[in-house]
C-alpha cells in the first residue's frame, strides 16, 4: 500500500464516520420533543385578520360602479400585502384611493396595501375602497356578496358584504 492509498482509505473512513455521526444525531432528534403543529386558518381566512362593517353600496344609476367599504384589523405575526380584491358576480374590481394628479384630487388605482401586526385599515368613502364595475342587476339591498382579498403569497381572506342602496349609510 502506498502513502496515497493509505491517505485515501483514512479519508474514506473519516467521511463514513461523519455520515454515521450525522445519522445518529438525526435519530436522536426523532426521539426528542415533537414540534408544535402549525396553526392553520380555515380556507379563505388569514390568521389574525378580522373584517368588520363590510358593505357594498350600489350607485344611484343602475349599472354604474358600486363601492365596497369595510374595516380591517390585522394582528397576525407575518407581514402581508393586499394585492387585489374580487367580488363574486361583478364584471371587474379594483382597489381605489384618492390622490392628487395635475393639481386635482381624483380617484386612482391603489397601490398594494401593506399589513403588519397591529395594522388597522379603513376602506371608507373618500379614501381607500374597492370599486365594483359592472355590478349585476340582480343585486338588491339586503343581499350579501362574497368578497375575496388576495394577499402576498396567494393567501386569501373571504368575507361577505351587505348590499345597500345608494342613499343608505355608507
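For region 61-170, list log₁₀ I(q)/I(0) at each q in 0.16, 0.17, 0.24 Å⁻¹, using the Debye formula over Cα point scatterers of equal strength and ignoring solvent, two decimals each. For the requested q values the scattering log ratios are -0.77, -0.86, -1.46.
Among 69, 98, 74, sorting on how many other beta-carbon atoms sit within 10 Å of each Cβ, with the fewest leading, yields 98, 69, 74.
Across region 49-164, Cα pairs under 8 Å and at least six residues apart give a relative contact order of 34 percent. Potential lengthening of the chain between residue 98 and residue 116 amounts to 4.2 nm, from the contour at 0.36 nm per residue minus the alpha-carbon distance.
If a spin label sat at a point 7 angstrom from the Cα of residue 62 along the line to its beta carbon, the backbone N atoms of region 110-146 nearer than 20 Å would be those of 132-145.
Between residue 169 and residue 52, full extension at 0.36 nm per residue minus the direct alpha carbon distance yields a gain of 40.6 nm. Sorted fewest first by neighbouring Cβ atoms within 10 angstrom, 156, 93 come out as 156, 93.
In nm, to one decimal, how far is the residue 160 label point from the residue 81 one, both placed 7 Å along Cα→Cβ? If labels sit at residue 160 and residue 81, their model points lie 3.3 nm apart.
Throughout, read-outs are computed from the coordinates displayed, never taken from laboratory work. Quick caveat: nothing in here was measured; it's all calculated off a predicted structure. Neighbour counts run over all protein chains shown; Cβ positions are idealised from the backbone, glycine included.
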